[in-house]
1. Looking only at region 179-211, count every residue that is out of contact with any Leu (no Cβ under 8 Å at 6 or more places or on another chain) and modelled with pLDDT under 95 and tell me the total.
2. Filter region 308-343 down to the residues that are touching a residue at least 12 places away in the same chain (Cβ under 8 Å) and of a type in the set (Ser, Thr, Tyr) and list them by number.
3. Name the residue, out of His175, His194, that is out of contact with any helix residue (DSSP H, G or I) (no Cβ under 9 Å at 6 or more places or on another chain), touching a residue at least 60 places away in the same chain (Cβ under 8 Å) and assigned by TED's automatic domain parsing to the domain that holds Pro244.
4. Quick one: in region 302-321, of everything that is of a type outside the set (A, V, I, L, M) and within 18 Å of the chain's Cα centre (by Cα), which residue is nearest to Val97 (Cα to Cα)?
5. Which residues, taken from region 198-235, are over 30 Å from the mean Cα position of the chain (by Cα) and under 30 Å from Leu80 (Cα atoms)?
6. Quick test for you: out of Ala337, Ala271, pick the one residue that is within 21 Å of Leu237 (Cβ to Cβ), outside the structural domain of Leu146 (by TED's automatic domain parsing), out of contact with any Cys (no Cβ under 9 Å at 6 or more places or on another chain) and surrounded by 19 or more Cβ atoms within 10 Å (Cβ to Cβ).
7. Could you please let me know if Arg208 is charged (D, E, K, R), in contact with a Cys (Cβ under 8 Å, 6 or more places away or on another chain) and without any contact (Cβ under 8 Å) to a residue 12 or more places away in the chain?
8. Please go through region 106-142 and give me each residue that is under 19 Å from Leu313 (Cβ atoms) and touching a Cys at 6+ places or on another chain (Cβ under 8 Å), ordered by number.
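The values are calculated or read from the model by the stated rules, or taken from the named source; none is laboratory data. Keep in mind that what you see is a predicted model, and the values were worked out from it rather than measured. Cβ coordinates were reconstructed from backbone atoms using ideal geometry, including for glycine residues, and neighbour counts include every protein chain displayed.
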Amino acid sequence: MTPRSHASRSITTHDVAAHAGVSQATVSLVLGGNPRARVAQATRERVVRAARDLGYRPNIVARSLVRGRSYTIGVVVPELSNPFFLDVVSGIQKVAVEAGYAVLLCDARDTSPGRHLEALRGRQVDGIVIDALGAESLPADALDGLEVVLVDEPSERWPGVASDAPGAGRLAAEHLLGLGHRRIAFVGPATDVHTFRMRERGFVARLREDGISLPSDWLRRAQPSIAAGQAAMRALLAMKDGRPTAVFCANDLLALGALKACLAAGVRVPAEMSLVGCDDIELARVVTPELTTVAVPARELGARAARILLRRLEKPSEPHKPQKPLPVRLAVRGTTARPQPETER
């Protein structure tokens, strides 16, 4: 039977077996993605080639019934308006789809995480990735019976992946100190998100090593958005007792808002004000001048979280090995420079 003759009906594993000259059980082992399946490499390649030649598409519903899974995972993020979280989701989705899983995405900006988790449980997802949402504070039974992986949040209960958040703050501080800045402010979210707190902690600790402390007025709290960054920067620029010559913002959206406030006030960046962001979202490379920032590997965070989750779904009893934080790097662009002598008086 030729591949053309199958065009009018769905291709089954029996068709693939006949085409490859193997048993249907062998086809199921190979195409089912069972890592423990003992199938000779030559046979495995013949089955895969036959499936490709025939245009075989797996029946997810049938496989779900056999293995007791939905082959769907949920992802809950704080807000999709921040491109950083879109990149995390992109990394998750790439790994999940390649493994035959669908992804249900939830934005917790206007809906509580608990409501999203209830909806995901109702759809019988196999596991959930939660990014920066305070999973430890959720009701104890909200995640019972589910495999959970956290992104950028420490936990004694669940495995997770994280970036080097304290290192990000240190890199920003070292860059500004190296340029000669001593009047340095910080703009960070008012939310109690672990990553932001650690970025601030690393930043402040590095300044203290050089004997620099932040005046309370130079530590501004704001929501992690462009509008909030703009408002925080306006407040810094309006200070009557002297303003900073450099500002580190805990994410790029805040830094972009700060840049907008400087431009609106006629403050030249970087000649009169240096700005450093964190995350390295695509917008950081679109504005003029391009934003100096600390690059965080968002897609790799998502990809690693997905790989951990899928591995736990296959081997739930296997102990999880703690992951080292993913390294970050400084991306020096156009918003930082040495301070002008008169601004450091």
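1. 8
2. Correct list: Thr335, Thr336, Thr343.
3. Within the list His175, His194, the selection yields His175.
4. Applying the filter and picking the extreme gives Arg307.
5. Ala235
6. So the residue among Ala337, Ala271 that is within 21 Å of Leu237 (Cβ to Cβ), outside the structural domain of Leu146 (by TED's automatic domain parsing), out of contact with any Cys (no Cβ under 9 Å at 6 or more places or on another chain) and surrounded by 19 or more Cβ atoms within 10 Å (Cβ to Cβ) is Ala337.
7. no
8. Result: Leu120, single match.
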